[in-house]
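Notes to accompany the following structure.
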Amino acid sequence: MLNILGMIILIIILFIIILLLIGIKISFIYDKKGSQLKGCLKILIFKKIKVYSHTFPSKDDDDEEEEEEENDEEKKQRDVKKILNLAKPCFEDFKIFVKSSLNVIKVKRLDNHLIFGMDSYADTGKYIGIIWAILATINPLHEKLHLSAEPSFAGSVLDINGVNEVEIHVLKLIVPTIRLVSKKDVRIFIRGVLDER
């Protein structure tokens, strides 16, 4: 009896290790217009078998929206400067983590489009120019990366839509994550962000 139980546990452990080596595929499709957000998040193993799927907004999200409206004023008083001050000492650590994570994450598709507008035409032009400059430096970094933006002169607008697919080899991501979390400044930053929630 113990031999059978041991074999079952061994098979489960081998399956998990193979799963972690092969990796998981994450697909995130979304469309935000105004205050409405629609989308779908899928997590697949072996690139075909769906493990998790969430479509939003769901019926549960509608109930939570009423509660969120009441707490909206409390959330607006978050201290952004405090979070930024906590993030400054962690910048080099995050930079090292991102570099080591790029070997683990294989981008299949990153297509995102931003529609940005402000009440002032001059401000819209100024900020869309900054956004275009940033996108012009980011887009050539990967052949599957396509980020775009367009101005909207019809008032204050921030709409975005996209299709994103990535493959993550989880087993290779464990070591960089442990290195990142082992830094004291990063742990302080995480605590600060959680406290602001």
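The values are calculated or read from the model by the stated rules, or taken from the named source; none is laboratory data. Every value quoted in this text rests on a predicted model; they were computed, and no experiment measured them. Cβ: placed from backbone, ideal geometry, glycine included. Neighbour counts: every protein chain shown. Just so you know, the surface numbers come from the protein's heavy atoms only, side chains and all, with ligands and any DNA or RNA stripped out. Shrake-Rupley method; radii C 1.70, N 1.55, O 1.52, S 1.80 Å.
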*Given LYS38/LYS106; LYS32/LYS106; LYS82/LYS106; LYS126/LYS172, the pairs whose alpha carbons are separated by over 32 Å*: LYS82/LYS106; LYS126/LYS172
*How large is the Kirkwood hydrodynamic radius of the chain, in angstrom, based on all distinct alpha carbon pairs?*
20.6 Å
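Nearest 500 deg cm²/dmol is fine: what mean residue ellipticity at 222 nm does the chain get from its DSSP H runs of n ≥ 4 alone, each adding -39,500 (n - 2.57), divided by its residue count?
-16500 deg cm²/dmol
Nearest 5 is fine: what % of DSSP beta bridges in region 87-197 come out antiparallel, could you say?
The antiparallel proportion sits near 65 percent.
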*asked:* Under a crude label model (7 Å from the Cα following the beta-carbon direction), how far is ILE105 from LEU171 in nanometres?
replied: 2.1 nm
*Using alpha carbons only: equivalent-ellipsoid semi-axes of region 132-197, gyration tensor based, whole Å*: 32, 21, 12
*Per residue, how much accessible area does region 73-184 have with a 1.4 Å probe, in Å²?*
69 Å²
*Computed lengthening from HIS142 to ILE130, 0.36 nm per intervening residue step minus Cα-Cα distance*: 2.3 nm
*On the accessible surface of the chain, probed at 1.4 Å, how many percent belong to carbon and sulfur atoms?*
62 percent
*asked:* List the residue ranges in the chain for DSSP H helices whose C-alpha atoms run 27 angstrom or more along the long axis and whose Kyte-Doolittle average is 1.6 or above.
replied: 2-22
